[in-house]
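Since the structure comes first, as structure tokens, the remarks are kept for the end.
The values are calculated or read from the model by the stated rules, or taken from the named source; none is laboratory data. Being a predicted model, the structure only gives us computed values, none of them experimental. All Cβ positions, glycine included, derive from the backbone under ideal geometry; neighbour counts span all protein chains shown. Heads up: the accessible areas ignore ligands, DNA and RNA and are worked out on the full protein's heavy atoms, side chains in. Shrake-Rupley method; radii C 1.70, N 1.55, O 1.52, S 1.80 Å.
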Amino acid sequence: MTVTAVPGVVTRPTPRLRRLEDERWLALALLMPTAILLGLFIAYPFFEGVLLALTSQRVGVPGGFVGLQNFVKIWNDSIFRTAVWNTFWYTAVTTVFKLGLGLWLAMLLNRHFKGKALVRAFILLPFIIPTVLSTFAWKWMFDPTFSVINWALFHMGFITQRINWLGDPDLAMTSIIVVNIWRGVPFFAISLLAGLQTISPELNEAAAIDGARPWNRFWYVTWPLLLPVTMVVMLFSVIQTFADFQLVYVMTGGGPANATQLFATYAYQLGIGTGLLSEGAAISLAMFPFLFLIVVVQLLYIRRVETR
Amino acid sequence: MAEVIVRKLNKMFDTNHVVKDVDLHIRDKEFVVFVGPSGCGKTTTLRMIAGLEAVTSGDILIGNTVVNEVPPMDRDIAMVFQNYALYPHMSVASNMAFGLKMRKFDKAEIQKRIKRAAEILDIGQLLNRKPRQLSGGQRQRVALGRAIVRDPKVFLFDEPLSNLDAKLRVQMRVELKKLHERLAVTSIYVTHDQVEAMTLGDRVVVMKDGVVQQVGEPLELYNTPANRFVAGFIGSPAMNFADVTLSGGNGRLWAEAPGLKIGVPEPIAARVNGHAGSKATLGIRPEDLRVAGPADPAELCFEVEVEVIEQLGSEILLDTRAGTSTFVASVDPTLRTRVHERLKLAINPDRLHLFDAQTEAAI
């Protein structure tokens, strides 16, 4: 069969564009922007970091390949061990409180009351304000001399002496935990509220008629149905908190005496602060297996919950 | 087993008065259906009886106890919801067991009751499935099962069949009727479907705009509707209405409209006497109209033009016009006629209805 082209009627796309009619090429073309962005800003720095961690590079000193020496070194570093412990403690305590308070707020906001939309918007404020700004405000509130918290406690008669919030090792950790909870609760509250709103009110009514008291309605009906959302929210929060930097850096810089040193702050302090680039990279990388493990466990659990 | 009494029940949502002075006496073991168009207050009334809505004023009594302030769980009722409201994360068996578990029944008793309910509803093979693995009809059965195992004083049904397809709905309707005969528990059933109301109810409560229009046995509503609304709502196809003027002449009462003059039969005329000269609404059901024969007296006949012919097999529905009024007539399926043909229709004089033009109440 011969095909005679009718001149000037239809201009076929050029061969290069026609390639996109093949799904494989189209898929590749659509994936490209994301792949380039992720490659440039995530994969490349990650591999550079891995390479850096295997050298003895310092600021101004190119250094050479030293294998796993940096990892051995930080393993024997007592400050590193403190940072690991601190990071776990910080993540665990804040997550428990953020979940508890967030859930409580979400349940309250799920009720009908006047000005509900306004309250919901206000709840988000701590989450919207740039962390560094709000943390500076908190730093003032915890300031040994100007602390408004001390002022309030003093005037209510609870204390007679100033409390050195950020100067005492235990109190400093408690302080950054409080600020992290304050900043993280809105995310939990709003996400869990979205989850609660997908649960039909009829289910609660059916349970009420079935004889379930409020606590049982929560425990047997609401909580199991909210669990998938809760697990995803926790996953995000744990990853973020585990790698938290800004908040601690502004509040305490890891002090006093490394009492609030976390993975990220210690990596920064060692890598940028003292110029031991390769050791800083090694600490950053050391976070990876821990996070990986946490994420895998959570993802497996989420899958189990969702296929129930 | 219990009767349910509702006295002067009112419900306001802010300034919206949705249930107005409802008075009802539902007898023990009776199956009562609330029927009416959307927004007539039937579901709100049911939810107040269930304890899911607070009562604005009035009293609700279940088994001689005022339950206004009693929480739903302590009213000893079971409810079947429109969307079934099955707990999605629990198996069918757990769904049915939940109410008993909450009431601290022992395990053997729970198993026994689930088994019995599963047998009654024929869902024994579904007990280990999750609600999402069930069809609509099966979910409906499980929702019923959850109510049955509780063995409550009163069953409440909130449009339970409205999510099923037409065929399944008819089937479940029959099963609900059998179930009620078997269990003999006081039941209150809400629907907007008048066929469901007529077939299921021992008595039917017709509501409109929060007000009870009429309470009665199905045939009572059909034969002697209290007002124009009930007359139009009950029965399918709906009753024909024509705006007429009542006038006396030649020793009898006539209902007249353009293209229509019908002699009002004696028993009704006696009641209408005071209304002569006034406006009224004439009502006649399609099944009470027939093609006139030679024996039909002229004052009960009127001429119409056929506009639409609907062949249903067992009957023919003729959409006809007489002057400004339209009439649907259900006629013999053997009738041969054509659109635009002129016919004479005769009415069954015993089944003529007249309603006051202002109050719409039956005369």
Self-check item: Area accessible to solvent at B:ASP122, 1.4 Å probe radius, in Å²
Solution: 110
Quiz item: How many nm is it between the label spots at A:ARG213 and A:LEU153, if each spot is 7 Å from the Cα in line with the beta carbon?
Solution: 3.7
Quiz item: Once phi is turned into ³J(HN,Hα) by the Karplus curve 6.51 cos²θ - 1.76 cosθ + 1.60 with θ = phi - 60°, what whole-Hz value does each residue of the range B:345-358 show in order, with x for glycine and proline?
Solution: 9, 10, 9, 7, x, 6, 10, 7, 10, 10, 10, 4, 5, 7
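Which GluC sites (Glu not before Pro) from the range B:1-96 combine a DSSP loop assignment with at most 12 other Cβ atoms within 10 Å? Provide the component values of the computation, followed by the final result.
Details: sites: B:GLU3, B:GLU30, B:GLU53, B:GLU69; in loops: B:GLU3, B:GLU30, B:GLU53, B:GLU69.
Those that pass, being in a loop and sparsely packed, are B:GLU69.
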Self-check item: Stretch gain in nm, segment A:SER200-A:ASN164, where the contour uses 0.36 nm per residue and the Cα spacing is subtracted
Solution: 8.1 nm
Practice problem: Would you kindly find the accessible area of B:THR281, with a 1.4 Å probe and non-protein molecules such as ligands, DNA and RNA excluded, rounding to the nearest 10 Å²? | Solution: 10
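Out of the range A:105-200, which trypsin sites (Lys or Arg not before Pro) are coil in DSSP terms and have no more than 10 other C-beta atoms within 10 Å?
A:ARG111, A:LYS114
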Self-check item: Cross-link partners of B:LYS279 among aspartates and glutamates (Cα-Cα below 16 Å; sequence separation of 8 or more within a chain)
Solution: B:ASP243, B:GLU256, B:ASP356, B:GLU360
Quiz prompt | Unit charges at the beta carbon, dipole of chain A: most positive-side option, A:LEU166, A:VAL248, A:TRP219 | solution = A:TRP219
Quiz prompt | Global geometry of the range A:69-306, whether rounded, prolate or oblate, following the gyration tensor of its Cα atoms and the 1.5 cut on a/c | solution = oblate
Quiz item: Taking chain A as a Gaussian network, Cα atoms linked when under 10 Å apart, which of A:ASN164, A:ASN86, A:ASN204 shows the biggest mean-square fluctuation?
Solution: A:ASN204
Exercise. Under 1.5 on a/c is rounded, so check that first for chain B, then, if it is not, pick prolate when a/b is larger than b/c and oblate when it is not; a ≥ b ≥ c are the square roots of the alpha carbon gyration tensor eigenvalues.
Key: prolate
Quiz item: Which whole number gives the average, over all residues in B:76-85, of C-beta atoms from other chains lying within 10 Å of the residue C-beta?
Solution: 4
Practice problem: Quick one: go through the range B:1-27 and flag any residue whose amide nitrogen is under 14 Å from the point 7 Å out along the Cα-to-Cβ line of B:ASN68. | Solution: B:6-12, B:21-22
Quiz item: At a Förster radius of 41 Å, what calculated FRET efficiency corresponds to the Cβ-Cβ distance of A:GLU306 and A:ILE79, to the nearest 0.05?
Solution: 0.50
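Where in chain A are the DSSP H helices whose C-alpha atoms run 24 Å or more along the long axis and whose mean Kyte hydropathy is at least -0.5? It would help to have the intermediate numbers written out before the result.
Values: long enough: A:78-109 (45 Å, 1.08); A:169-197 (42 Å, 1.26); A:223-242 (27 Å, 1.80); A:277-306 (43 Å, 1.48).
Both cut-offs are met by A:78-109, A:169-197, A:223-242, A:277-306.
On average, how many beta carbons from a partner chain sit within 10 Å of the beta carbon of a residue in B:47-54? Intermediate values should be presented prior to the final figure.
Working: counts 1, 0, 0, 3, 3, 7, 0, 0.
Counting Cβ atoms of other protein chains within 10 Å of each residue's Cβ and averaging gives 2.
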Practice problem: Between A:MET32, A:MET141, A:MET107, find the one with the highest GNM mean-square fluctuation for chain A; connect C-alpha pairs within less than 10 Å. | Solution: A:MET32
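Provide the gained length on full extension for the span B:VAL211 to B:THR245, in nm with one decimal, where the gain is 0.36 nm per separating residue minus the Cα-Cα distance. List each step's numbers first, then the result.
Details: separation 34, 0.36 × 34 = 12.24 nm, distance 2.88 nm.
Roughly 9.4 nm would be gained on extension.
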Quiz item: Taking a ≥ b ≥ c as the square roots of the eigenvalues of the Cα gyration tensor of the range B:202-327, is the shape rounded (a/c under 1.5), prolate (a/b larger than b/c) or oblate?
Solution: oblate
Self-check item: Charge-dipole axis of the range A:21-83 as Lys and Arg at +1 and Asp and Glu at -1 on Cβ define it, positive-most pick from A:LEU31, A:VAL50, A:PHE65
Solution: A:PHE65
Self-check item: Rounded to the nearest 20 debye, dipole of the protein assembly as shown from Cβ charges on Lys, Arg, Asp, Glu
Solution: 1960
Practice problem: Round to the nearest 0.05 the FRET efficiency obtained for B:GLU220 and B:ARG336 when R0 = 25 Å and r is the Cβ-Cβ distance. | Solution: 0.10
Self-check item: Unit charges on C-beta of K, R, D, E only; dipole of the range A:160-299, Debye
Solution: 120
Quiz item: Interface A/B, total buried accessible area with a 1.4 Å probe, nearest 100 Å²?
Solution: 1900
Practice problem: Note down the relative contact order for chain B as a percent, whole number, built from C-alpha pairs under 8 angstrom at least six residues apart. | Solution: 16
Self-check item: Solvent-accessible ranking of B:ASP296, B:ASP14, largest area first, probe 1.4 Å
Solution: B:ASP14, B:ASP296
Practice problem: For chain A, with a Gaussian network of springs between Cα atoms less than 10 Å apart, report the residue from A:SER175, A:SER78, A:SER191 with the top mean-square fluctuation. | Solution: A:SER78
Quiz prompt | Reach of B:LYS107 by Cα under 26 Å, taken over lysines that are not fewer than 8 positions away in the same chain | solution = B:LYS115, B:LYS130, B:LYS153
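Just checking the output field for A:222-233: average partner chain Cβ neighbours within 10 Å of each residue's Cβ?
1
Using the Cα centre of chain B as the reference point, and only Cβ charges (+1 on K/R, -1 on D/E), how large is the resulting charge dipole? Debye, rounded to the nearest 20. Walk me through the numbers on the way to the answer.
Details: 46 positive and 45 negative charges, 357 e Å.
Computed about the Cα centre, the dipole is about 1720 debye.
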Quiz item: In degrees from 0 to 90, rounded to the nearest 10, what is the angle of the helix B:107-121 Cα long axis to the longest principal axis of chain B?
Solution: 30
Quiz item: If the cut-off is a Cα-Cα distance under 17 Å, which aspartates and glutamates reach A:LYS139, setting aside same-chain residues fewer than 8 apart in sequence?
Solution: A:ASP168, A:ASP170, A:ASP244
Exercise. Would you please state which residues of the range B:184-222 a label at B:LYS29 would reach in this model, taking the label point 7 Å out along Cα→Cβ and a backbone N cut-off of under 20 Å?
Key: B:184-189, B:200-204, B:217-218
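If you take every DSSP beta bridge whose two residues both sit in chain B, what share of them, in percent to the nearest 5, is antiparallel? Numbers along the way, then the final one.
Values: 61 of 79 bridges.
Percent antiparallel among DSSP bridges in chain B is about 75.
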